[in-house]
Structures are given as C-alpha cells and as structure tokens.
Amino acid sequence: MGDPKAFLTVPRQEAGHRPVYERVCDFSEVEQVLNEGERRLQASRCMDCGVPFCHWACPLGNKAPEWQDAIYHGDWELAFKLLSGTNDFPEFTGRICPALCEKSCVLNHCIDAPVTIREDECSVMEKAFAEGYIKPKQYERNGKKVAVIGAGPAGLSAATRLNCLGYEVSVYDKMQKAGGLVRYGIPNFKLDKYIINRRVDFMTQEGINFICGTKIDLEKLPEGYDAYVVATGTPQARDLDIPGRDLKGIHFALEMLSQQNRILEGEKFSQKETVSAKGKKVLVIGGGDTGSDCIGTCHRQESLDVTQIEIMPQPPKDFNPATPWPYWPQVLRTSTSHEEGCTRRWSLTSNKFLDDGKGNVRGVEVERVEWVPSPDGGRPQMVKTGEKEVIECDMVLLAMGFLKPQHPEAGGNVFLCGDAKTGASLVVRAIASGRQTAAEVDSYLKDK
Amino acid sequence: MSLTEYIGAVGMNILTPDSSHCKMVRLPQPVITNTELDTLCNIRYKGFYTEKLPMLFDPSKGEQGLSDALEELCREAERSVDKGINYIILTDRGLDKDHAAIPSLLAVSAIHHYLVSIKKRVQTALIVESGEIREVMHTALLLGYGASAVNPYMAFAVIKEQVDKGTLQMDEVTARHNYIKAVDKGLLKILSKMGISTIRSYRGAKIFESVGLSGELLAKYFGTVSSSVEGITLKTIARDAIRLHSQAFAQPQTDLLPMVGQYAFRKDGILHAWTPEAIATLQIATREGSYAKFKDFTSIVDSRKEPLFLRDFFTFKQNPIPIEEVEPEEEIVKRFVGGAMSFGALSDEAHETIALALNKLGSRSNTGEGGEDNARFHGTKDGVSLNSKVKQVASGRFGVTTEYLVNASEIQIKVAQGAKPGEGGQLPGYKVNEIIARTRHSIPGISLISPPPHHDIYSIEDLAQLIFDLKNVNPQAKISVKLVAESGVGTIAAGVAKAKADLIIISGAEGGTGASPISSIRYAGVSPEIGLAETQQTLIMNNLRGAVELQTDGQLKTGKDIISMALLGAGEFAFGTAQLIVLGCVLMRKCHSNNCPMGIATQDPELRARFRGKADYLVNFYTFLAREVREYLAQMGFRRFQDIIGRSDLISIDTSKMDEKTSGLDFSKLLHRVDSPAAISKCRDQKHNIFTVLDRELIEATRYAVENKQPVSLSYEIVNTNRTTGAMLSGHITSKYGSEGLPDGTVNVTFKGSAGQSFGAFLAKGVEFRLEGEANDYIGKSLSGGIISVFPPARSPFEASENTIAGNTILYGATSGKIFICGKAGERFAVRNSGAIAVVEGTSDHCCEYMTGGRVVVLGETGRNFAAGMSGGLAYVWDKNRNFDYYCNMDMIELSLIEEKARKEELKALVEEHYRRTGSKLAARMLADWNHYLEEFIQVTPIEYKKVLQEEAIRKIQQKIDNVQRDY
Ligand SMILES: Cc1cc2nc3c(=O)[nH]c(=O)nc-3n(C[C@H](O)[C@H](O)[C@H](O)COP(=O)(O)OP(=O)(O)OC[C@H]3O[C@@H](n4cnc5c(N)ncnc54)[C@H](O)[C@@H]3O)c2cc1C
Ligand code: SF4
Ligand code: SF4
C-alpha cells in the first residue's frame, strides 16, 4: 500500500474506450490502456484491507491487495507471481471479467470509486509477457494421462494445472482452434484472439497436447487415459418457440458472433451461409451480455439500426437496495456496445414473428408485461397486459441464454467442469472450476 | 531497561571470587548475527569451549523419532557440559530431506529443564541457531525458556535476498541492524509489560501462559505443572513438524510462499472470526431491521466449520418452556453494555451514536479512556441523552475531572485491556485535534501516552483507596474494575472484590483493536472463557461472588456467545468490534492511521463526514441479540437470565467438532462447579464505608454557603484515618454547578493535624483547603480547580524546606487548581498533571512524569528522572546545587535559564503566592533577594510544547500586525 490516503487524493482513472466513431469501423479492442506511471498510481489506491472484500468476491480468490502493492512498488514480476498463483489466465479475465471484485471493493462501498482491479490485473499479465517473466516450464512427468474434453477456459485451466502436477494432458475440441466461447463467442472488440493464441502456444510449449477439430462422443470417451475432464460448455442455446420461428432471418446469437470471429480469422463463408446485419434493421431478443455483444457486432457489420428487448423490468439505475454492498448489484448496465447506439426496451414478451410474405421475418409482435410480487414471497409472477405492438425488423437475434446441459452423473474417473457442470456462467468461474477439478483429479489419481 | 547479557558458565562457587567468574561474553542484545555466532564458535581463548548440537529428528520415525531425538539431545547436552563446554549451540542448519527440524522452542526448553534437573544448567549457555526465528515473540519465547542468545539466520538470509534484489534499498549491514533494533524494541516492550527491566531477569523466567498444550507435554518439556484446558501432545507437534517438512520438499515447488492471512482475511488462509459474509450479513440485518437476516448472521457465526473459540465447543442442555414465560427482551438487553472505546480513537460521530443507542435501550455506553466533552453530559438528541454512563479512569487520567466523574452511573478503573495487557494507551499527535485536546486537557498535536501502570495503584490496598476516592466523589456510581483474562486473575479479582468494587470486568484477549501493536494482537492475553471461569470459581470459594457483578468481553457476537459466557459466570457483556461493524466498520484495520474510510476511527473531518452509522442500527443489534438470548432461555427452560449465571453444569461439550488438534482439550477445569453454599451470582451490594466520612460534616456545614455562593470559613482537626477529604464535598458542588464550581474563595477550610490519603482529591473550584500539619500520599489527586496549601504548624522547630511534609504521587491527573507545599514531597510529584499549578520545596524521584500541562515550581532538590515522558507544561527548578541536569531525564525536554519576561513574572508571582499562602521562610528569603535567586532557576521546557508556545507567540504577533494594518 502506498500513501494510505491515496484513495482520497488519487481519483479512480479508467483507461477508457476508443471513441465511438472510430471503434465501430473495426473489430479491434475497444478498451485502451494506461501508461505505467498512471497504472502504478491507480494501484496505490488499494488500502490493503484487513478484510479484503475484493478477494472474497473473486471466484478465483485473486489476492488483489498483494499484487496491487507490488504494482505500486513497480515490482511487476512479483505482481505476476502473486496473480498467477490464483489465476491461470489473467489476460482473459483482465479483459472480459465483469469484475465482481470491484463491486465488492471497500472503496466502492465508501467512495463509489473502487480500485481498478480488473485493468490492473490485465496490465500485470501484459507486462509479464512483454518482459518475459512468464516462461514455459517443463514438469517432471508422473506417468499418468488425463484427457480434457473441451478447450474453453475451464478445460484450459484444468489442463494447465494438471500439467503442472506432472500429468500428461491431451485437450480435445470439436472446433478448429482452442478457446471455447472465448474464441467463438466473445467478440474480438472485447478480446483480441491473439491473446488466446499466445496462451495456447504457451501451453503447447509446456507440453500440453491439443487435438482440435475432433468431436468426442461423451458416451465413448477416447481410450488410454487415467482420467477425463469434461468441459464441453453449454452448446445448446435457449430457443424461442413461438409462431413464425422458421422464418428466414431469425438466428441464434452465437451463429452470428461465432461466424464473425471466424471470418476475422480468415475463414471464408459462402453468401448463403453468411449471417450478416449489413443494412438491416435488427432486433435482439434478450437483454444480457450476449445480446449486447450482438449489438456491437451489428454496428460493425453496418446494420441500419438495432433494438434490444428484455422480458424483465428495467433494473434501477445506480443503486439497488435489494442487492447492497458487498453483493453483486442488480442495476442497469450500459456496455460499450450500448454506448455505440441502440434502443433498449424492457418488460416485453414476444408473441409471434411476422412474415413479409416471402418467408422472411418482417417484425415481431410484442406485448407489455407486468411483474407482480408473488403472494408466497417467491419469484415475481409475470402478467400479460394485452398492450401489443409490432417491432419492425428484418433480422432477429436470439440471445436468451443457454440451456444447462444434461450429463449423465459423472463419476469414477470422469469429472465435469466449467459451464458443462454449472450451466452458463462466466469465464472467471470457468477458470475457478477448472482449477478445482484439477485438484479433484489429482487427489483421485494421486494414490492410484 | 537493558538487554545486555553476560553469557557463559557461571563459576561454580560464587562465594569465592576468582577469575573463573569473568569468563563471560558480553552481548549488547540477545540477537546475534551470523558473524557474531561464528566468532563465538571460534574463540581461541583458554576456558571458552563451544559445541554445536543439531536440533534434528528423523521424520520417517514420527512421534517416536521426535521424542528419541529430544532425549538424545538432552543427553548430548549433559555430556557437553561434563566435557566443560560452556557454549552449546543448538542448530537446525543441518536440515535436509531426511532430517526435519525439532521445533526450536521445544528443544531449548527440554534441554534447559533437563540440565536444571541434573543441576548442570549454569555451567553452560544455550545459544539457538534456527531458521524458525522471525518474530519478536519467537525470540522472547526462546529467551523465556532458557536460551541465552539466538541467531535467526533465515531472517538474515531473507534480508540479504531483499537487499540483493533491490526491494530493500539499503545496504545489508544497515538492514540487518534495523531488524535487530526492531526485535530489541519489541523485546523491551514485552519485558516492560511483564514488569521486568533486564533481559537477565527475563531469561528462563517462563512467564508465559500456554493454552492448548497438554499437561503431559508441559510437565515433560516445559517445566510447568498444570494446564488450563489441556490440549496437544508431542504426537501433534511431530505431525505438524513432519507435514511442514514434507511440504518443503514436495514437488512441484512454487516460488512464493503461501500467504496464510495471519492478520488479514484470506480465503485459503487461517480462519478469522469476522468473515466477509458475517460482516455483510450483520450490517444488512441491523440496517434493515430484519431479525431473519440477523438469524442468518448468527448461524454463519455459530455454525463455523472449525471452532475458533473455546465456547464454540459448547452446547446447552435443553428443557423447553413457552417463550412467553421468559423475562422480556427489554430486561435482557440491559445486560449488554458498550465496550470502552475512547473518543479520540473513535470519531465524535461514532462515539455519540453508540452513547445514544445504549441510552435509548436503558443500558450503558463507555467513554473509554479519553474523557468526554462536557457538552455531552447534559446534551440530548431527540430527547435521548448523549452522556456515556460509564466513565473510564485509566492510568493516563486524561479528562478525569470532578465534573466527568459526577456525571457517571458507573466509574470504571481500567487496569488493563484484554487485547494489549500491560500496555498504556497511546494516541498519536496527529489524532489530537482541538476538541480531543480540550477533553483530555492537553494540547492539539501533542502525542498522549498513558503510563503502563496507575501510579496510585501498586497494591490491592491502593486499589481499595482509589475505589474509595471515586465512591466519595460520586456515591451514586457503581465502581468497576477492568481486568484481563490471564492465569491468576481469580486471585486478583478476589482482591478487587475485597477492595469493594461493585463490578469486575474480565476482558478477553480476542477483543482486539486494529490499533493494538501487531505483537499484542496475536500473543497477548488469554481467552475470556479461561479467565472468567477461574474468576467465578475463586470468587465463590471466597464467598465474594454475591457482592460483585461479573462482566466479560472478547469478540462476543451471538446469543450463543452470551449464554456460554453467562453459564461460566458472567452477568453482563460488553461489545467492541461488533458495535463498530454495525456502524459500518469493514475491518479494514486502518484504525491506527487515522484513515478509516468509514469515518469511525478517524479524526479527519473529510473522512468523518462519511460516517453512515445510525443509533437505530445498534438498537436493532442489541434488541435482536436479546431476542435470541430469550429464545435460548426458553429452550433451556429458564424464566430469568439471572438463573443461568454460573450454571456451568448446563454446558455439554460437542466432541463432534473436535479434530486431531482439539481432541485433547479437557474442559473439566473450565466447567468445574465449586461445591459451596455461597452465592453464584450477584445478590447483595458492597458495603462502602462512606457514611461517616468527614465530608458529610463539611457538606452540612457549607450547605448555606454553597446554595447561596456565600463565603464561609471553617476549621477542623484532622487525623490520618480521614481519607479522601474534600472529594464528596467537591462532587456535591460540581453536580450543582458543573466545572464552573463556586467563585474563588467561597469555601475555606483549615485543617490541623495529619491528613490521611488523598487529601483534597478532586477538589472543586471555589474550595480552598489549608492544612497545618502534614499529609499522606495522593494529595490533590485529579485536582479540579480547588486550592490546597500544606505547611508545618506555626511553632514547629524544624526547617520546613529540609523536611518531607507530604507523601507520594501528589497531583496525579490534576487538571486545574493550585497546590502549595511548604516542605518537601515524595516521589512522582505532579505525575500526569495536565493543568494544575504547584509550588513545592523539594521532591523525590520522577517529578513531573508524563506531565502534559500546568506549572511546577520546585524550590529545592528533585530526585532522579525528572520530567520523564513530559510533553507539556513548564517546570521551574531552583538549582541550588548546580547539578539539576544530572537528575533530569533529557529525552523529551530542554533546559534553559529563565529568559522571557513573561516567564520571570510568572515565576515570581507563584513564589509570592506560595509565601502568602504558606508563610514559607524559604520563599521569604528568595523574595528578599529575588534577582539573585532568579538566576539560579532552571526552566524545563518539553520540546513538543516549545513548538506550541512558539506558534502561539507568532499567532499573537500576527494578530497584532493585522490590527495595525486595519488601523491605517
Ligand atoms: C457471447 C458471449 C459473451 C460472453 N462474454 C463474457 C464476458 O464478457 N465475460 C465473461 O466472464 N464471460 C462471458 N461469457 C461466458 C463465458 O464465455 C463462458 O462462461 C465460458 O467460456 C465457459 O467456459 P467453458 O470452458 O466452461 O465452456 P466453453 O467456453 O463453452 O468451452 C467448451 C468447449 O468445449 C468444446 N466442446 C463441446 N462439446 C464437445 C465435444 N463433444 N467434443 C469436443 N469438444 C467439445 C466446445 O467447442 C468449446 O470449445 C460470454 C458468453 C457468450 C456466449
Ligand atoms: S478475475 Fe474478475 S473478479 Fe477476480 S480479480 Fe480479476 S477482475 Fe476481479
Ligand atoms: S477491497 Fe479494494 S481497497 Fe480493499 S484490498 Fe481489495 S482492492 Fe484494495
């Protein structure tokens, strides 16, 4: 901790985003970076709390106060070691984590200006790569083999941990490249795919074997391994089963997001296959983060305009008394994609898709709903009001979340991990799950 | 105090002095560097022989390996002694994959006690070379269990690494020197806490209390006969040592050691009593006023997976009755009181909020040791009083005025604080702002140090006297005494009960403040359970429990905690940290830095503005707690809280919570019930002998004068059984007129004879006491505006200035008023004076100790250690023998001749007044030739005070300049 009063004298400074007019023309990362001096100043704001709520809130238990102090002192190598002690991929979370830690940071509680923990985290890792603090190591092999199915963040972190413990690890993925949703879901403007390549190369150098483009039948796992980690994510998106669903122009969010990322990697798609918003009026159904990623992608594909609708009511703006500090606040969130422009509406349910007569979608009939508190204190009940209207559009993106996959009870030497185990979640939770699963596998195999 | 040691063999026959007694090595401090150890090993000088014995054992052999190794080590040591080796170096340097280190304390203590038992200990010195030693406490323990010197080679290696890497930007020698210096300071602090002043008396003194070690282990290796709660055996120690050892050699190695969160919460670290969930849930529950959430909170705390406190093993015998039959919450809640937290440590806002909440509930909040702004005595907010009902009297006596005391319902003598026993409070200068300075009668910006002991309590009789003093000044108030849980506290408490305390507080070690020194947070004090049980049992055995109430504190949080402590004997409960958490504290632990972001433990106005606590939150907290207690009472089948106090038979021990380490615990001593018909809870009041004191007569005789502010003159005979004369009268006047008192010279009383202790204590403004004769100790204790003069009988043949006329510790904690003593006084004259004016004709040692304000004129010799810890006020000393500087403690002061005009005038006026009031012959002589005598005076100015005086002078000049400019 630097000056114990720094939190009062040094204001929180975010690196900020590139200007909208510039960033909507490309797919490069939106977020900027601070220079080293400013970064250290930001880190000096941390109070090194006796009870660090940031650390408590982070699913990985990242020890922010320790590495903030190291950053403040300019000891980036120490910061890197401290950080990588709990987090295998700080370069991912440092970019796309919703920063649960910052919401719980004591400084968020008392002056509404938490330490810039996430950005600091990212800068530590970038420094580590730039300065070569992170070096591939070779670990003594213990003669046991583990297969990891699914190369998303959960699988990758389980693989990393197991490799360190001396297991020979092979990672399978049905896609051409490793990374899971981080590669094929999260848009490049949030996380450049070079970041994933760098990490996967590093893991390869440490001796992890990647077998991509191979879909594994979970009923018939490949032979020759002592244990299996199943980290296959949540492949099934939630569908909207209403009249007109089979009209043309209605897509799952991931169809578009994933294709866009693949195009940027140089893959080619035929005219027919291409899902593009160019010149279209787009309606995004689903008010979450996936929806917001769709909005940003539409902008960059030069859509005419975008509307996002959500069935739940609009959350309060700054403070929600129902979710006080240190808990995650349920409040209105405005992403960079929202800043780029779009109409956002709440409390709307979709009744049917409308046909333009040629089998294409031309709009959606929506109806306003109200949410009444349930008499038994449970979840509020939805009541339709009968107020209907039509939202005109020629493209619909369904971003209503993912279904929790039904896996047969894993057991014996098969371990479930990441979204596959918990249902759709966050990268940081996926990594945490990967680490935990690796420990479970280790304690299972250790004495075998 | 000194850390210097002479180590080596003590000559066999100390009765015949010869050169063999001098074969010693002198060490300036017990921590020695690697080079020094090397030198010691290689003294090529006749009669110095060294040998290294490895403190290692074979980890593959487990417990047996360890116990064999210890036995072998003891025998090796014996053989070395027989060979004439006078420096045995116990080392764990040889540690490798197949050799684990024997915990150094175990090894040292085992050898020490073995050698003592075969009468061969003094022939050799034990020196420990161990990688384990890092903290001050490690060194203290090794020394306390017999080591002569220690070499913490690992600490030095870490320092070297830090220097090499550049993280420590200084050269290695300086860094190492700083480390040793820090350990030295820590050792001195630990020594002083135990009342020991040289390392030679500390070595081998074993003044430690071990909690959680089995009697078997203690007897075999630590030379201790009993264990309070039993605990682990050698087996567990071996297991732990082996686990650490194998961790050290496990693969793969990480380059960072794990941070286990000793002082800060870590998810993967050691357990802390306050977890983030517990803090958040408690805050939300009390803010929203939701009892359901409060139950969530208590269940988080009570269902902790691993027990942290001894009480966590308790369950209670059930015998349910309908809850309606149990006494109401409003009754139970009165048993909960606010912990002592000084305003000064806490912000004004926080302190007031606590008072408000407890007053609303009809309970009591505590001022803490810093006094209280007198505006609060009668101030209200929404019709509720802001006055803290418990007024603390601590060793510093800050803010202890007569007015303060008469506004108390309970006066608490703070003998020690659980989390930092033996240490005085300390308020750093930057926290002392205008208002704090005002309430503490000190000067803004000057650090305030409380002396470790009360200078008027050196024995139980002294304590009885102080209780008597306080009872006199405020007969309505209960007098309580705060002790800390430790072994032997029962005996002390029995003494305190006999000294007529109404209430005894057993303060547990867990009630730490973030402002305690780090070495105290972890290593000082014991669990309140142990202290409380011992106290309860001793009081019953002496049939004293019925006359006193017992209160306890130490991280109490839930209804279960309350019931547990009640069953062990407590009838009242104090809360510290929990209160602050309810008011928004998030345990950032920045209390000492004045940077509390929640505006609780800070004086910074900007931060104070952030305070968000409300009295209602605390009202909720205490009410919920009472509700939960009531539920427990119903489950246990008791209608009144009173009926469960001391019923330790209702506790059963939940062995399912025990693990390998805790399974050895034995609660039978803790839960023991004394077989006696004596009361087990408070049932009668103490009989204070304040009904026949002289003051009753004084009050009667001055009634008209006091009512009408008319002067009155009286005269009495006095004998030394008349103790604390003047206190009750002053209390009476002050409750009527506040600190204003009466106009000067209203009540004039002349006494003839020999006054008992505490003559003129608390004397209020407008009261003047003249004593023709002599007086005992404590004259003018906490003087609050009155004037006292003491002089020999008119026709006495002796020279007054050559003879002692008054006892020790005069003017202790005085805040205003004057005293003139025609003759010499005893030790500690004007100790902790913060505003009174005194003239005396000579003193013994420690005059003006810890003084923070006022004037002291000494017309004669002073004794040693003059002005130790003096940070304010001025002293003028007539240096007739020209040797005063020799007697002075120069740490914090400066000496000079009297130069300024204002000072000269002040001194002359005081000597004149002295003459006028006492007829002093010495004063007469001096005034007759004043200019000559003036040159022989020395002015004593505290350095901090000098700065303040200069600033004041400049401010005055500036004001003049401003005025001049305005005239143009
Ligand atoms: C659009 C979008 C944006 C998001 N944005 C964020 C964000 O900003 N921040 C955040 O923290 N989280 C975000 N998330 C969530 C986050 O991406 C996921 O929680 C996380 O990636 C889950 O990791 P995982 O490893 O469990 O699963 P996944 O990342 O889904 O990885 C599963 C992998 O398994 C492979 N696989 C599946 N079945 C098989 C099989 N049978 N054989 C072989 N391979 C198979 C898949 O190809 C995939 O590579 C976002 C999610 C989406 C969809
Ligand atoms: S991983 Fe996310 S929650 Fe954890 S410290 Fe980083 S940004 Fe915060
Ligand atoms: S909660 Fe915020 S201020 Fe406290 S340690 Fe964590 S990052 Fe630092």
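The values are calculated or read from the model by the stated rules, or taken from the named source; none is laboratory data. Note that the structure is predicted; figures quoted are calculated from it, not measured. Neighbour counts are summed over all protein chains in view; Cβ atoms, including those assigned to glycine, are modelled from backbone coordinates with ideal geometry. These accessible areas exclude ligands, DNA and RNA; they are computed on the full protein's heavy atoms, side chains included. Shrake-Rupley method; radii C 1.70, N 1.55, O 1.52, S 1.80 Å.
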Please average, across the residues of B:264-272, the number of beta carbons from any other chain that are within 10 Å of each residue's own beta carbon, and give a whole number.
5
Against the longest principal axis of chain B, how steep is helix B:276-288, in degrees 0 to 90 to the nearest 10, with axes from Cα atoms?
40
Within the range A:298-448, the percent of DSSP beta bridges that are antiparallel, given to the nearest 5, stands at 85
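Using a 10 Å cut-off around each Cβ of peptide A:40-49, what is the average number of partner chain Cβ atoms that fall inside?
Numbers: counts 0, 0, 0, 0, 0, 0, 0, 8, 4, 9.
Averaged over the peptide's residues, the number is 2.
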Which percent, nearest 5, of DSSP beta bridges in the protein assembly as shown are antiparallel?
25
Under 12 Å from the Cβ of residue B:872, count the other residues' Cβ atoms, weight Lys and Arg +1, Asp and Glu -1, and hand me the total.
+4
Residue A:423 neighbourhood, Cβ < 12 Å, K/R = +1, D/E = -1, net charge +3
Nearest 10, in degrees from 0 to 90: the angle of helix B:727-737 to the longest Cα principal axis of chain B is 70
In this structure, the FRET efficiency calculated for residue A:174 and residue A:15 from their beta-carbon separation, with R0 = 56 Å, to the nearest 0.05, is 0.95
Among the GluC sites (Glu not before Pro) in the range A:56-165, which ones are in a DSSP loop with at most 15 other Cβ atoms within 10 Å of the Cβ? Mind listing them?
A:140
Give the cross-link partners of residue B:97 among the aspartates and glutamates, using a straight C-alpha distance below 14 Å as the criterion and excluding same-chain residues fewer than 8 apart.
B:58
Which sequence of A:281, B:824, B:46 reflects their accessible areas, 1.4 Å probe, from the largest down?
B:46, A:281, B:824
Find the sum over both chains of the accessible area lost when A and B are paired, probe 1.4 Å, and report it in Å² to the nearest 100.
2900
Gain in span if fully extended, residue B:951 to residue B:691, counting 0.36 nm per residue against the direct Cα distance:
88.6 nm
How long is the gain from residue B:45 to residue B:208 if the chain were fully straight, where each residue apart is worth 0.36 nm and the alpha carbon distance is subtracted?
55.0 nm
Ignoring ligands, DNA and RNA, please state the percent of accessible area on chain B from carbon and sulfur, probe 1.4 Å.
52
Based on DSSP loop calls and a cut-off of at most 12 other Cβ atoms within 10 Å, the longest stretch of chain B free of exposed GluC sites (Glu not before Pro) is what?
B:1-659
Which of rounded, prolate or oblate describes the range B:5-247 when judged by the alpha-carbon gyration tensor and an a/c cut-off of 1.5?
rounded
Within the range A:250-398, how many lysine pairs that are 8 or more places apart, or on different chains, have C-alpha atoms less than 21 Å apart?
12
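Given 0.36 nm per residue, what is the gain on full extension from residue B:157 to residue B:60 after removing their alpha carbon distance, in nm?
Values: separation 97, 0.36 × 97 = 34.92 nm, distance 2.84 nm.
Difference between extended and current length: 32.1 nm.
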Between 0 and 90 degrees, rounded to the nearest ten: what's the tilt of helix B:460-473 against the longest Cα principal axis of chain B?
40
With an 8 Å cut-off on Cα pairs and a minimum separation of 6 or more residues, tell me the relative contact order of chain B in percent.
8
Just the accessible area per residue of the protein assembly as shown, please: how many Å² with a 1.4 Å probe?
42
Between the range A:51-96 and the range B:784-801, what is the C-alpha centre distance in whole Å?
72
Which of the aspartates and glutamates could a cross-linker bridge to residue B:661, judged by Cα under 17 Å and excluding same-chain residues fewer than eight apart?
B:63, B:216, B:230, B:240, B:306, B:312
State, to one decimal in nm, how far the label point of residue B:796 lies from the label point of residue A:274, with both points 7 Å from Cα in the Cβ direction.
11.5
Take the alpha carbon atoms of the range B:102-139, find their center, do the same for the range B:173-232, and report the distance between the two centers in whole angstrom.
12
At 7 Å along the Cα-to-beta-carbon direction for both residue B:250 and residue B:22, put a label point, then send me their distance in nm to one decimal.
5.7
Any idea how far apart residue B:277 and residue B:219 come out in nm if each label point goes 7 Å out from Cα toward Cβ?
4.3
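Run through the DSSP bridge list for the range B:5-247 and note the antiparallel percent, rounded to the nearest 5.
On the way: 6 of 21 bridges.
The antiparallel fraction comes to roughly 30 percent.
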Compute the FRET efficiency between residue B:182 and residue A:328 as 1/(1 + (r/R0)^6), taking r as their Cβ-Cβ distance and R0 = 35 Å, and round to the nearest 0.05.
0.25
Work out the charge dipole of the protein assembly as shown with +1 on the Cβ of Lys and Arg and -1 on the Cβ of Asp and Glu about the Cα centre, then indicate which of B:823, A:413, B:698 is farthest towards its positive end.
B:698
FRET E, pair residue A:346, residue B:170, Förster distance 56 Å, beta-carbon r, rounded to 0.05:
0.35
